[in-house]
Amino acid sequence: MTVGVHLGLHWTRVMAMTRSFFRVSTNNAVRSWVLRSIVFVIAVFGVWSCSIISLGTKLSWNYSLDFWDFSQSVAPFFAHWAGVMALPAIMTHYAVSVALPRLMRSRARASRVHTRSDVSR
């Protein structure tokens, strides 16, 4: 989960590197909404994966008898954990993208008020 939060904090940089790698220079509204829809599906998959792998009992340190089942495929195991990691990354990215501009506006407003009060003295 910590890795997901870290990834979410740096997701803008990941998108910029991917954009430059594929030489995408213009913004496209349709492409943005398609990618946001895919992110929504991944987030829903992450929520579902949390219940599939019993993440709540693992995080609360409750006793669980989950052992590796060698007769099952490995791909779903890693897909579910990737979904669990993607969920906090998505949540962190969108929380920062909403909260950071608001924080910057309030700081700019506060500095303008502070500067005006210094001038009037």
Going by the conditions given, is TRP33 loosely packed, with under 15 Cβ neighbours inside 10 Å and either touching a helix residue (DSSP H, G or I) at 6+ places or on another chain (Cβ under 9 Å) or in a loop (DSSP other than H, G, I, E, B) (or both)?
-> no
Please identify the pairs in which a residue from the range 56-72 that is outside any loop (DSSP other than H, G, I, E, B) has its Cβ atom under 9 Å from the Cβ atom of a residue that is of a type in the set (Phe, Trp, Tyr), counting only partners at least 6 apart or on another chain.
-> THR57/TYR63
Could you run through the range 1-41 and say how many residues are more than 19 Å from ALA86 (Cβ to Cβ) and either of a type in the set (Val, Ile, Thr) or in contact (Cβ under 8 Å) with a residue 12 or more places away in the chain (or both)?
-> 3
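FYI, it's all coordinate maths here, none of it is from the lab. Note that the structure is predicted; figures quoted are calculated from it, not measured. Note that we place each Cβ from the backbone using ideal geometry, even for glycine, and neighbour counts take in every protein chain shown.
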